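Following: one structure in structure tokens, then a few remarks.
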Amino acid sequence: MISTAIRLARVGSRSELAAALLMGLGYPCVMLAALIPHIWFFAAAAAVTYVADWYLHQRESYLVNRLSKVRAGLPIRFLLRQLMLILLLARLDLAEQPLFYAAVACFLLFYGLQAPHGALTTLIRLRRTMPVVTRNVDLHAVRIPDAPPGVLLRRSAEKMLHLDVPAVAGILIAAETGADAIGYAGAALTLLLAVVYIGALAPYVRRGRLAPPAPAVLKAVDTWLREYRPTVALYFSGSNESAYQGNMWLETMARIEGRPLIIMRERGLVPQLAETSVPVLCVPAGTHLMNLDLSTVKVCLYPANVGKNIHILRVPTMKHVFIGHGDSDKLASVNPYSKVYDEVWTAGRAGRDRYALADVGVRDEDIVEVGRPQLEPIKSWTGTAKNPIPTVLYAPTWEGWDDSPGNTSLLLAGENIVRRLLDADQPVRVIYKPHPFTGIRSAKAKAVNARIRSMLEAAAAQRAADPRWVKEAASAAAAQSAAKAELERIEARLAELASIGRSGGDDAEESRVSLADPAREAGTARLRAEWNDAFWRSFGWWEHRTVTGAQPKLYDCFNESDAMVSDISSVVSDFIASGKPYAVTDSAALGAEEFKRQNTAVRAAVILSNGAEELDELLAAVADPAADTLAGARRELKTYLLGPDEPTSMEQFNAAVRALAAKAEARNLRVAQRMGDQAVAVPDEEAVSSGVGDPQAVAEADATADPDVSDTPNDAEAQAGATAVAEGTAPAR
């Protein structure tokens, strides 16, 4: 029932639900207290609404946004409370007293000050917004001043409205005690604070404190592009939840041959971008992007099929490649949209065969097998459990955009899987890592996810009290405490390294100061490795755990586990690189044979029904290598899905980049040559009359041009036209 209420209220937790209920009840109580009238009841109810409102804003609750959509936004809520205070004074027979008029005047002036405050904050934000957000790009050609302190602009409307607290408190005290001076002082303080706030903002609208104009910034970016001359670009666009799709390629881009560049489209994704030494350009406006000088880029890589890809796909001087954000048997892996790219790169032979079977128009000659460079951190299985008891990772995918039962095991099988693992005859540890998109579309999936997390918390608490583990816990307590202290130290150091520029700087200031620092990047990489090691040591190898967020990474969970249960997704293909046993749920109940026929990645898996009765087979394979009947099949499938171990994936990837860049250069050379030939073949009338551009010479030049003219639709017409000129049969203009 509580989960239903949370879903209906559009809040994210029980505490948010409680705050929403208190705020919803608080305003009727404020009105009731004003009508009775009762000062202290009014004060208590008003305080509850203040605190609840503040808490929901602190948590960035979705409910706050929805309230503004139904005309109950923040200014209305504050105005309502102030009107109720005026009503309270009237009901207390103070309507003819100076305090009443002071209160009315205070609130009118206070709301009058909201306009210049709102205008200043809006103007500062707009004039501080540059057309690009950058990392590792030197924009010394333009002057970017420091941003205003974050305290002035962060949640500025809420801060300004809360300045009415001194006036409300002072007027209530004056009404209760009869000391009108306290009310006047409160009202004066509110107005003074509002004026001071506006005065603090005013200097930041001066020309010298604003970001440079868009044309100047774009010119500086073009200057940098001409100096840097990028050759390979990763183009990424998507929602905030899809940041992982770009992050998984950052390390590969850093190791790629040539001069890499990352192009992004959404400002909100930039803060979620992981640490990288590769230059980053975030260009939200399509017109700005299409006007950038990207002529040196020969290869553009796309990890996702999104509408904004068209803004770069239209550039003919570069070759376009779909690299995806995983290799799986999902329909998304054979999207017909992939026809728009010059090539589609897959990990292994399986990707090529997948497109052939799907018959979506992607030609076999346009598919290149490059391996999966990201999989290098995954450690191979030794054949035995890492800890005294095996660890099983449950990593279901999300519910997808439709209600197909084959999308995720979470809905029909998730709780059964976790329950059977927790109740296994021989104890195992469960690590649960849900997909980042889980619950964004399906409320049922969100609820199941919450129940599984509760199951693991309860099981962890129960195991902690079990005599079998008490001794282990006692002996490991000191080491775990040391690991937790180490985590705090590392996190503090990482935060220090991550704080580029002044605290509170905006996008413009961060674009100025976020330049590549190899020493800092090396230190960050080392600290993240230390953090990962300390994280797993900070709790017992017997303790169940839910892992969310960016850290630890999915591959870290692979290395910590001895087996995995998942769904049809790239997670399965990636896990196969480890050689460890795995199980996949046939959520659509196709049957094991049909399920294997339709999905390559499950051919070496234990196939689970929605009841998860088959989990014993997986656990047996982990416990005893002799019982692992699918080990040979996993080795064969690894090569088929992910390609050979030699040459390495990175070597294959770089070879593919070189080959495609050569094609782009050859194409551009051909086009330049044709354009030059056509300029000679069709001279203007003045050139002909002056004897320049002899028709016979034109015909001879055209005859020696590059014979490969099939790419250009009008080349045959140009050839015929040139011949007609040479023979003197061209029609008169």
I want the local charge near Glu593. Using Cβ-Cβ distances under 13 Å, sum +1 for each Lys or Arg and -1 for each Asp or Glu among the other residues. +1
Note to self: C-alpha centroids of region 286-309 and region 584-616 sit apart, in Å, by 40 Å
Around Asp628, under 10 Å between beta carbons, what's the net of Lys plus Arg minus Asp minus Glu among the other residues? 0
Taking region 402-523, the whole-percent share of alpha-carbon pairs separated by over 23 angstrom is 61 percent
How charged is the neighbourhood of Ile144? Take every other residue with its Cβ under 9 Å from the Cβ of Ile144, and add Lys/Arg as +1 and Asp/Glu as -1. 0
With +1 at each Lys and Arg Cβ and -1 at each Asp and Glu Cβ, the charge dipole magnitude of region 229-369 around its Cα centre, to the nearest 20 debye, comes out at 400 debye
Taking region 155-230, how much of its Cα-Cα pair set, in percent, is spaced more than 19 angstrom apart? 61 percent
The Cα radius of gyration of region 181-273, divided by 2.2 N^0.38 Å with N its residue count, comes to 1.86
Treat every Asp and Glu Cβ in region 421-561 as -1 and every Lys and Arg Cβ as +1, leave all other atoms uncharged, and give the resulting dipole magnitude about the Cα centre to the nearest 20 debye. 460 debye
Along the Cα-to-C-beta direction of Ser404, a point sits 7 Å from the Cα; which residues of region 574-591 have their amide N less than 11 Å from that point? 588
Based on the Cα atoms of region 229-369, what semi-axes does the equivalent ellipsoid have, where each is the square root of 5 times one gyration tensor eigenvalue, given in whole Å with the largest first? 24, 16, 15
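Pull up the DSSP beta bridges for the chain and report the antiparallel fraction as a percent, rounded to 5.
Of all bridge pairs located within the chain, approximately 10 percent are antiparallel.
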Too long for a 23 Å Cα-Cα cut-off, among Lys308/Lys339; Lys319/Lys339; Lys446/Lys553; Lys553/Lys596; Lys386/Lys553; Lys69/Lys308, are Lys553/Lys596; Lys69/Lys308
Among [x] 1.07; [y] 1.21; [z] 1.34, the entry derived from the coordinates for Cα Rg over 2.2 N^0.38 Å: [y]
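Ranked from highest to lowest mean number of other Cβ atoms within 10 Å per residue, what is the order of the peptides 201-210, 558-567, 351-360, 245-254? List each step's numbers first, then the result.
Values: 201-210: 13.8, 558-567: 25.0, 351-360: 16.5, 245-254: 20.7.
The packing order, highest mean first, is 558-567, 245-254, 351-360, 201-210.
To the nearest µm²/s, what D does Stokes-Einstein give for region 1-135 at 10 °C and 1.306 mPa s, using the Kirkwood radius over alpha carbon pairs as Rh?
The diffusion coefficient I find is 93 µm²/s.
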Per residue of the chain, what 222 nm ellipticity follows from adding -39500 (n - 2.57) for every DSSP H run with n ≥ 4, rounded to the nearest 500? -17000 deg cm²/dmol
Enumerate the aspartates and glutamates that Lys663 could reach by cross-link, defined here as Cα to Cα under 18 Å, with residues fewer than 8 away along the same chain left out. Glu257, Asp342, Glu343, Asp364, Glu365, Asp366, Glu369, Asp706, Asp708, Asp711
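What trypsin sites (Lys or Arg not before Pro) does region 65-118 have in DSSP loop regions with at most 11 other beta carbons within 10 Å?
Loop-located and lightly packed - Arg71.
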Which of Val344, Leu153, Met318, positive extreme of dipole for the chain (C-beta unit charges): Leu153
Return the sequence-ordered ³J(HN,Hα) values of region 660-671 in whole Hz as given by the Karplus equation 6.51 cos²θ - 1.76 cosθ + 1.60 applied to θ = phi - 60°, using x for Gly and Pro. 6, 4, 5, 5, 5, 5, 5, 4, 5, 5, 4, 5
List every residue whose amide H lies under 5 Å from the amide H of Val547, counting only residues 5 or more places away in sequence or on a different chain, with H placed 1.01 Å from N in the peptide plane. Tyr432, Lys433
Cα-centre dipole for the chain with unit charges at Cβ (Lys and Arg positive, Asp and Glu negative), debye to 20: 2600 debye
Pairwise Cα inverse-distance average, inverted: Kirkwood Rh of region 518-602 (Å): 15.3 Å
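Any read-out appearing in this document is the output of simple, stated calculations on the displayed coordinates, not a laboratory observation. This is a predicted model, so every value here is computed, not measured. Virtual Cβ from ideal backbone geometry, glycine too; neighbours counted across all protein chains shown.
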